[in-house]
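A short worksheet on the structure shown next.
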Amino acid sequence: MKRVLAYFLLILVFFLVQNNIFAASSLILTVPNLLLILVFSVGFIRGTFEGMLIGFACGLLNDLFFGSTIGFSAFMYTILGYGMGLIGNLYYTDFVNMPLILCLLSMLIYHIGTYLFAFLIPGYGGFGAYLTTVAIPELLYTGLMTLVLYPLLRKVEALIERWEVRKPKTYV
C-alpha cells in the first residue's frame, strides 16, 4: 500500500511539473516527457509488472488531459514499461549509460508510434518535419532530464524499499 501511495505521488508530481512548469517556460519550445522517464525508470528498476502499471496510469492520465484518443498513450506507455522491465531484468540498473540509451530508445519508439497512428494513418505525412520539429528536440531534452532524474529515482526507489520494510519491535 505504501508503494502505491508513493507511485501515485510520483505520477502526480511528474505530471504537474511536466505540464505546468516546463510547459510554461518559454526558453525552449519543447517539453521533456517526464512521465515517460518515470515509466522507463520504474520498469527498468522494478520489472515488467510495475512498469506496465505505471505506464498505463501515466498514459491514461496523459490521454485524459491532452489526448484526442483515449487509450493511445496508455497503450504506448504500457508497452514501453513492459519492454523496459524485460530489459531491466537483463542489465545492471545502477549505471547511467544504459538507462540513458534505453530512455532515448523509449522516446524514439514512442515518437514512431505517435507518428504512425496520429499522422501517417490519417494521411498527414511529413515524417521529416515531425522528426525535426517535435521528435528530436523532445528526445534531446528528455535525454538531458534522464541524466538528472534517473539517479534521483533510484534513490527514491531505495527510500520506498526502506519505507516498506517493517522493523520488528523488540520489547525488553
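The values are calculated or read from the model by the stated rules, or taken from the named source; none is laboratory data. Computed from a prediction, not measured in an experiment: that's the story for all the values here. Every residue, glycine as well, gets a Cβ built from its backbone with ideal geometry; the counts of neighbours run over all protein chains shown.
Quick grid of which residues meet (1) within 25 Å of Trp163 (Cβ to Cβ); (2) at pLDDT 90 or above:
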| residue | (1), (2) |
| --- | --- |
| Val4 | yes, yes |
| Leu12 | yes, yes |
| Phe49 | yes, yes |
| Cys58 | yes, yes |
| Asn62 | no, yes |
| Tyr92 | yes, no |
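When restricted to residues that are aromatic (Phe, Trp, Tyr), within 12 Å of the chain's Cα centre (by Cα) and within 22 Å of Pro137 (Cα to Cα), the range 66-121 contains 2. The sole residue among Ile54, Ile37, Ile21, Ile45 that is over 18 Å from Phe72 (Cβ atoms), in contact with a Gly (Cβ under 8 Å, 6 or more places away or on another chain) and either part of a helix (DSSP H, G or I) or not acidic (Asp, Glu) (or both) is Ile45.
One line per residue, one yes/no per condition, for (1) touching a strand residue (DSSP E or B) at 6+ places or on another chain (Cβ under 7 Å); (2) aromatic (Phe, Trp, Tyr); (3) within 22 Å of Gly88 (Cα to Cα); (4) surrounded by 15 or more Cβ atoms within 10 Å (Cβ to Cβ):
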site: Leu116; (1), (2), (3), (4): no, no, no, no
site: Gly126; (1), (2), (3), (4): no, no, no, no
site: Ile136; (1), (2), (3), (4): no, no, no, yes
site: Thr146; (1), (2), (3), (4): no, no, yes, yes
site: Leu149; (1), (2), (3), (4): no, no, yes, yes
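Being touching a helix residue (DSSP H, G or I) at 6+ places or on another chain (Cβ under 8 Å), touching a residue at least 60 places away in the same chain (Cβ under 8 Å) and of a type in the set (Ser, Thr, Tyr) is the requirement here; does Tyr130 meet it? Criteria not met by Tyr130. Can you say whether Leu90 is buried (at least 23 other Cβ atoms within 10 Å of the Cβ), over 17 Å from Gln18 (Cα atoms) and aliphatic (A, V, I, L, M), as far as the supplied structure shows? So Leu90 does not fit the description; no. Pairing residues of the range 70-81 that are on the phi < 0 side of the Ramachandran plot with residues that are charged (D, E, K, R), at Cβ distances under 9 Å and at least 6 apart in sequence or on separate chains, gives Ile70/Asp63; Phe72/Asp63; Ser73/Asp63; Ala74/Asp63; Gly81/Glu50.
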